[in-house]
1. From the list Thr237, Thr192, which one is out of contact with any Pro (no Cβ under 6 Å at 6 or more places or on another chain), surrounded by fewer than 20 Cβ atoms within 10 Å (Cβ to Cβ) and within 20 Å of Phe422 (Cβ to Cβ)?
2. Just one of Leu82, Leu128 is away from the ligand (no atom under 16 Å from the Cβ) and open to solvent by less than 10 Å² (accessible area, probe 1.4 Å); which is it?
3. Which pairs do you get when a residue that is surrounded by 12 or more Cβ atoms within 10 Å (Cβ to Cβ), found in the range 8-20, comes within reach of a residue that is of a type in the set (Lys, Arg), reach meaning Cβ atoms under 7 angstrom, with the pair 6+ apart or on two chains?
4. Counting only residues that are open to solvent by 60 Å² or more (accessible area, probe 1.4 Å) and either closer than 13 Å to Leu617 by Cβ or not basic (Lys, Arg) (or both), how many does the range 633-655 have?
5. If the Cβ limit is 8 Å and pairs must be 6+ apart or interchain, which residue in the range 182-197 that is within 13 Å of the ligand (Cβ to nearest atom) pairs with which residue that is hydrophobic (A, V, I, L, M, F, W, C) and outside any helix (DSSP H, G or I)?
6. Filtering the range 131-175 down to residues that are open to solvent by less than 20 Å² (accessible area, probe 1.4 Å) and among the aromatic types (Phe, Trp, Tyr), which residue is nearest to the chain's Cα centre (by Cα)?
7. Quick check: anything in the range 176-188 open to solvent by less than 40 Å² (accessible area, probe 1.4 Å) and among the basic types (Lys, Arg)?
8. Check whether at least one residue in the range 709-716 is assigned to a strand (DSSP E or B), at pLDDT 95 or above, open to solvent by 20 Å² or more (accessible area, probe 1.4 Å) and in contact with a strand residue (DSSP E or B) (Cβ under 9 Å, 6 or more places away or on another chain), and report yes or no.
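The values are calculated or read from the model by the stated rules, or taken from the named source; none is laboratory data. Nothing here was measured: the structure is a model prediction, and the numbers come from that model. So basically every Cβ, Gly included, is an ideal-geometry build from the backbone, and we count neighbours across all protein chains shown. SASA here: full protein model, heavy atoms, side chains in, ligands and nucleic acids out. Shrake-Rupley method; radii C 1.70, N 1.55, O 1.52, S 1.80 Å.
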Amino acid sequence: MQPTIWAQHIQSPSAFLGYELGTQFTRHHRVMDYYEHLAENDSKRIQLVAYGTTYENRPLMLVYISSEENMARLDQIRQEHLENINGNGKPTKAIVWMSYNVHGNESVSTEASMQTVYELLTKKQEYLKNTVVIIDPCVNPDGRERYVNWYYQYKNSPNQIDPNSKEHHEPWLNGRPNHYMFDLNRDWAWLTQKESQQRIKFYNQWLPHIHVDFHEQEVDSPYYFAPAAEPFHEVITDFQREFQVTVGKNHAKYFDANGWFYFTKEVFDLLYPSYGDTYPTYNGSIGMTYEQGGSGRAGLGITTSVGDTLSLKDRIEHHLTTGLSTLEVATENTAQLNEEFRKFHESKNYRFKSYVLNGNPDQIKELTALLDQHEIEYGMASTNNAKGFLFEQGKSGNLRTSQHSLVVPVTQNKGTLVKVLFEPNAKLTDSLTYDITAWSLPFAYGLEAVASEAAIGYNPVRPETSIKDNAVAEGAYAYLTKWNSFNDAQFLSELIKEGIRVRYAKKPFVQDGRSYERGSLIITQADNQFLDDFIGKLSKAASKHQRELFPTQTGFVEGGKDFGSSSVGLIKDSKIAILSGQPSSTLRFGEIWHFFEQKLNYPVTVIDTEYFKQIDLSDYDILILPDGDDYNRFLDKEVMGEIKNWVQQGGKLVAMGASLKTLAKQKAFSIGLKKIEQDSSFSAPSFEMNQREQIKQEITGAIFKTTVDNTHPLAFGYKKDYFSLKLGSDAYEYLDKGTVVFLDAGHSKPIAGFAGSEAQKKIGETLVFGSEKQGKGTIIYMVDNPLFRGFWQNGKLFFANALFLVD
Ligand SMILES: [Zn+2]
């Protein structure tokens, strides 16, 4: 072939960066520079699209690459591809999207992306004739820069391949998650993070035929590529399975020729919908995860357990090979990919044709906001009744519907995704999975729902906003509002920040003919008479949060307790601290941090365990202990004594997950582990059977129906039951007083998801959320995690109640 003109103008990554690729880690701004260099010097074949910024303000960028001819009509190609969903148009190109470095410390990926694009534009340009390639060089720049920056601080010179050297041991906060320590490869379906929210808009514009997510795993692991492991979700088509094999075999050809080790069909399954392989799969793609051995441990080079040296250059070479091999397969199978993409979107005749949901309007709106981001169609019911499988009852029946009922049809372009996200219980072909086994959205949003085998009529409109005008008239004795969703807590948080004093009802009351439930907010003129522009601030907050305020002229109520009664509490402007660092887990800490700053908008102080002993705990009203590892070492005699004393004096301790275990062992308060009788018939399983035996003890993210005492402030605003996502089988006894949410004996079988037989025996009659008084203070126990991955919308009010209402 003739040397081409662009090859003279574009530089290889090594030439451009000034060092051989793989001998250093490239910082994000230099990666961006390199792609800009390509786009400037080969502008007819490569385009950059900025798609947003990270929490730490780094740029997020997509790179579009194809032949000159294709790039000139790129949008037309995109339209033809999308029209194919409805069986129209004659698309002829394959669309392949490759995402690099979603886990920041799996740092080879971004380096490999640069070499892949360069080779594609030079040696492998024939792949571009039939294929549009979309590259996200770094899905998680904040995490990757955290890793790279840390690595350079501790790297030996020259780099040390001895695995014991510090350059191979990342600290507590490693580079894997994003700024708020969320795992972005668990966030595709829930879209709780800024990076995911911005990316999905562009992803939906393309819905590629193939999506590859590049990762790294342990240093000693051989390369992993498709086909994936069981369990596969039942919606995955035969073609999607077969094509994974086609791709895998093509990779194997290159790996065999080079004598590289690899494995397939193990560990990485396709079930949980929020991964970079499953989410694209449920949208019609061939979604795949590729895993190189290495990650944050490996640095520029490390000795493996068999004594070889694994270098960054090797790691780049492998990801480069699978990246190009994927494009080779795509380009050879363009017609089939288009044909099968169309077929994927043909009506699947799934058993349930519609999901219909009733309940709190705030929760319905939160859910529709998520559906909008996924471009899932929905509407409001035009019928009075829907028959089918009732989620909460777990049996067939009727749901009364109205124009306030949300209908999500399954017969739509995103029908498969709808089925996966809404169905009451995903079918499990194997209980040994990598992740949680239940996530059904009606439970996550606390909505009553029916899955109907008939299509339910609806008007394609959004839920109505009932509040038109939030201006508050001056001169009332008090202003009243309800308390039954997390949006009410966001409103309260704003009021507190504005300096407005707020009270809440501990008992239901009736005023001006309206009934107010427990937790309703009471904002009096008297409490706020010295506040500047009280009415203006109150009106503004009510408008912002779309809350309806009812003025009343008297504190003498028609039914229940008057506003001056001791049954009306004053909400404190609490100073809150969260513990970070070992033994708390980064992910679990990050969820709480994100909750405060991005959801509740309430200030919080982050205190590290390293200097915890030096702070004066009495400066804080609330201390939160996140879930994590073993708390025994941190909660030593001195720290435990100090915390107990602080609680006695009026402190509020919110203890989550693993921290409870230590509190129970130390008998610090009244929380106690459930005593389990050992099964004496237990016989030793074979080595191979061990894993299967082990799983009997486990709960791998399953949904349980729990009972709620909603007369307790921790559960104000809730119904009599709550569907909790249980992530483990830790079991605690009921408290003598303050067992607020619990699993009673009849509900130890999950509503959805997997729970091992032994685990089920253990968790009957155990605590889920509870509260205990000690001296002037309080301890709140959270066995389950209502903030897990930020997606269990219906759990968030429990957390707000713990902060604001429990005294
Ligand atoms: Zn990864």
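1. Unique residue meeting the criteria: Thr237.
2. Being away from the ligand (no atom under 16 Å from the Cβ) and open to solvent by less than 10 Å² (accessible area, probe 1.4 Å) holds for just one of Leu82, Leu128, which is Leu128.
3. Going by the 7 Å Cβ cut-off, the qualifying pairs are Leu17/Arg30.
4. Of the residues in the range 633-655, the ones open to solvent by 60 Å² or more (accessible area, probe 1.4 Å) are 633, 637-638, 644-645, 648-649.
Among the residues that remain, those that are also either closer than 13 Å to Leu617 by Cβ or not basic (Lys, Arg) (or both) are: 638, 644-645, 648-649.
Within the range 633-655, residues that are open to solvent by 60 Å² or more (accessible area, probe 1.4 Å) and either closer than 13 Å to Leu617 by Cβ or not basic (Lys, Arg) (or both) number 5.
5. Leu184/Val102; Leu184/Val139; Asn185/Val102
6. By that ranking, first place goes to Tyr147.
7. Yes.
8. Taking the range 709-716 first, the residues assigned to a strand (DSSP E or B) are none.
No, the range 709-716 has no match at all.
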